[in-house]
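See structure below.
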Amino acid sequence: MKYITAYTLWLVVFFVIPLIIILSFSFLEKTPYGGVNFSFSLEGYKSLLTIGYLRILWRTVWISIISTFITIIFALPTAYYIAKSKFKNFLLLLVVIPFWTNSLIRIYAWIFVLGNNGIINQFLKLIGLVDSHIQFLYNPWAVILVIVYTYLPYAIIPLYAAIERLDNSIFEAALDLGCSKRKAFFKVLIPNIKAGLVASIIFVLIPAMGSYAIPDLVGGVNSKMIGNEIARQLTTAKNWPAASAISSILTLITLLGVIIFVKSSKKEVLN
Amino acid sequence: MLGSSVEIRNVDKFFGDFQALDKVNLQIKRGEFFSLLGPSGCGKTTLLRIIAGLEYPDSGDVLFDGISVVSIPANKREANTIFQNYALFPHLTVFENIAFSLRLKKMSENEIREKVEKLINLVRLEGQENKKPIQLSGGQRQRVAIARALANEPKVLLLDEPVSALDAKLRQELLLELDNLHDQVGITFIYVTHDQAEAISVSDHVAVMNNGRIVQIGTPYEIYESPADRFVATFIGETNLMKAEVVDVNDEFIRVIAKGLGEFSCYKDKEVSKGDKILLTLRPEKIKISTKPLEGINSFHGVVEEEIYMGYQTKYFVRLDEGYILKIYKQHVNYLLDEKIIHWKDEVFVTWNPNDSFIVEVEKG
């Protein structure tokens, strides 16, 4: 009980109150040097109704969904392999090792790998496959690549937990009853790890929607996501109400998405 | 539905350095209820999994109706398994669990409904169709597993200790049900168990296994009454093992002398000659016990060391005059009308028919 109170307090102080502040700032007037005037205004939201913002919003959604999809595609077999391996503790350690390095450094590392003078381009030049370089960076696919790389461990761990506690004999029963291995995967494995799958998707999708550093560093002008726009409004544009309005909308979209997703997957589990 | 005959030829199986099966040979008749009986780790489950196609033998062959099936994977083999923990699909209802193999065969919805309902009636699960496995009792789960396996119309049903997870009373009931079910569906049942009482009560034939080898194959009667060796004698039921030396031999009987017992006669079920050292088995229920002297060739006198009342019978441990402790089970046919009830420390007379002991080991003298 003590812990629950402490945790609730923590949530209220560091999550609920800031959220309320952001929400209320979005309905206030901006001042030219940042900050807000305490009088009601819808200017923050009005400035969002431009084609440019809708495009960024849409890009944020599709980049996040594709990244999540690819992450799960990689995470599922990896988690399965780890769960069935004799060396699962060691393999799990390998999965979490990237967390020991600062995430910004890991993103910069990708620039060194994929950059115009990066390792891959140098190698391609060396074997004579290209004359100058291939432009890997500064497009949405570079963003997707790094999001997948960054959030893969978050997807592997809940899937691993779900697969690990499954009784291996249900796969044998599926084979015994006429399933091929592929069919056993879709008919027996997937339905029985649904909770883990839902957790994995949420763990990747939410941070992907709020990406800031990744599109900032490897994304270029045409791959800006909502996170970058929030930062721009807050810093260079000095429009705090607009930044708050975008944040509120991002939170709302993510929240709605998660609620719809969890509800629909629960319904399927029950049927 | 009709069963297949199953033949195992010279099957070896290794797990690393451990030899789980050692030159196993078996012939199981079409439609038979066949048990593989042995202590844990004897290789019986490995053998079952090889028949199912879930493991591959390192050498040897498995034949159904005379045709090798070793190269046929589990999902194409006409054998289905009842797993020890039933392995029901937790995400599916009872109905869908049973319908699993039918849906894979892309049967029409009507056909599926008809078949599943038939199976549900067969295993008496009416009204449970829409429950999930987690809502069922152990006995019900087992029935779902049986129905699910039978839905695939296997020619061989493999049962891996299917009742071991249940309590004693339910175990007896389900065993009888399995026996009835076997009579109804007529397919070959191969039943793996470590419980000798289960194996001998339902099987047509039993193969007793130990350390990856088959020690004896026979009817339950043969296995119990004339065990092939010391292992079978002690593993199946309880027995008195007696080391003895042959002192005289004639056509049908031999005279032996045993330490702690003295001299007595027994049936010559194996070829022995004078001077051989032999090991005899004598079942405790074959021995008569009384407070009055008894008629008979093999009569001894002793004192009751221990008395265990079991309701339908009493177990006595009787120390004979020369020291051997004999286990005796006395059935209570007429408990009170019988002569004086025998108790702890009573002096008793015991006797048995020479035909009731069997020679399990012979060491040439």
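The values are calculated or read from the model by the stated rules, or taken from the named source; none is laboratory data. In this text the structure is predicted, and so the values were computed from the model without any measurement. FYI the Cβ positions are ideal-geometry reconstructions off the backbone, even for glycines, and counts take in every protein chain you see. All accessible areas refer to the heavy atoms of the entire protein, side chains included, with ligands and DNA or RNA removed. Shrake-Rupley method; radii C 1.70, N 1.55, O 1.52, S 1.80 Å.
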| message | Using the Karplus curve 6.51 cos²θ - 1.76 cosθ + 1.60 with θ = phi - 60°, what ³J(HN,Hα) values do you get for each residue of the stretch A:110-119, in whole Hz, with x for Gly and Pro? | response | 5, 4, 5, 7, 9, x, 4, 10, x, 4
| task | Can you find, among A:Pro241, A:Leu94, A:Ile20, the residue farthest towards the positive end of the dipole of the stretch A:2-270? Put +1 on the C-beta of Lys and Arg, -1 on that of Asp and Glu. | result | A:Leu94
| field | For the stretch B:216-303, size of Cβ-based charge dipole, Lys and Arg +1, Asp and Glu -1, in debye | value | 340
| remark: Residues whose modelled amide H sits under 5 Å from the amide H of A:Cys179, counting only those 5 or more places away in sequence or on another chain, are none
| task | Calculate for chain B the 222 nm mean residue ellipticity that helices alone would give, adding -39,500 (n - 2.57) per DSSP H run of length 4 or more and normalising by residue count, nearest 500 deg cm²/dmol. | result | -7000 deg cm²/dmol
| To the nearest 100 Å², how much accessible surface do chains A and B cover up together, summed over both, with a 1.4 Å probe? | 1700
| note | Amide H neighbours of B:Asn210 at under 5 Å, excluding residues fewer than 5 places away on the same chain, with H built from the backbone geometry, are B:Val215
| note | Given unit charges at Cβ for Lys, Arg (+) and Asp, Glu (-), the dipole magnitude of the stretch A:2-270 about its Cα centre in debye, nearest 20, is 380
| How far is it, in nm, from the label point at B:Arg103 to the one at A:Phe261 when both lie 7 Å from their Cα along the line to the Cβ? | 2.5
| said: 5 Å is the cut-off here: which amide hydrogens, built 1.01 Å from N in the peptide plane, fall below it relative to B:Lys131, excluding neighbours closer than 5 in sequence? | reply: B:Val94, B:Phe95
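What is the dipole size for the protein assembly as shown, taken about its Cα centre, with +1 at each Lys and Arg Cβ and -1 at each Asp and Glu Cβ, in debye to the nearest 20? Before the final figure, lay out each step's value.
Details: 66 positive and 64 negative charges, 783 e Å.
Computed charge dipole of the protein assembly as shown: roughly 3760 debye.
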| remark: With Cα coordinates, the longest principal axis of chain A makes an angle with the long axis of helix A:240-270, in degrees rounded to 10, of 30
| query | In degrees between 0 and 90, to the nearest 10, how far off the longest principal axis of chain B does helix B:109-122 point, with axes built from Cα atoms? | reply | 20
| said: Can you work out the Karplus-derived ³J(HN,Hα) for every residue in the stretch A:172-178? Use 6.51 cos²θ - 1.76 cosθ + 1.60 with θ = phi - 60°, whole Hz, and x for glycine or proline. | reply: 5, 4, 5, 4, 4, 8, x
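For a 20 Å ceiling on Cα separation, which of these pairs sit above it: B:Lys29/B:Lys270; B:Lys292/B:Lys315; B:Lys76/B:Lys105; B:Lys270/B:Lys364?
On the way: B:Lys29/B:Lys270 28 Å; B:Lys292/B:Lys315 18 Å; B:Lys76/B:Lys105 12 Å; B:Lys270/B:Lys364 12 Å.
Listed pairs above 20 Å: B:Lys29/B:Lys270.
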| Between helix B:168-185 and chain B: long-axis angle, C-alpha atoms, 0 to 90°, nearest 10 | 60
| field | Positive-end residue, the protein assembly as shown charge dipole about Cα centroid, Cβ charges, pick of B:Gly218, B:Ser40, A:Leu252 | value | A:Leu252
| task | May I ask you to order B:345-355, B:225-235 by the average number of other C-beta atoms within 10 Å around their residues, highest value first? | result | B:225-235, B:345-355
| query | Sorting B:Phe18, B:Phe300 by accessible area (1.4 Å probe), largest first, what list results? | reply | B:Phe18, B:Phe300
| query | Summing -39500 (n - 2.57) over the DSSP H runs of n ≥ 4 in chain A and dividing by its residue number, what mean residue ellipticity at 222 nm do you reach, to the nearest 500 deg cm²/dmol? | reply | -21000 deg cm²/dmol
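How large is Rg over Rh for the stretch B:6-234, taking Rg from the Cα atoms and Rh as the Kirkwood inverse mean of 1/r across Cα pairs?
On the way: Rg = 17.6 Å, Rh = 18.1 Å.
Across the stretch B:6-234, the Cα-based Rg/Rh ratio is 0.97.
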| Each residue of the stretch A:24-30 in order: what ³J(HN,Hα) in whole Hz does its phi give by Karplus 6.51 cos²θ - 1.76 cosθ + 1.60, θ = phi - 60°, with x for Gly and Pro? | 6, 4, 5, 9, 10, 8, 7
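Can you divide the C-alpha Rg of the protein assembly as shown by 2.2 N^0.38 Å and report the result to two decimal places? Can you show the working numbers first?
Values: Rg = 37.4 Å, N = 636, 2.2 N^0.38 = 25.6 Å.
Against the compact-globule rule of thumb, the ratio is 1.46.
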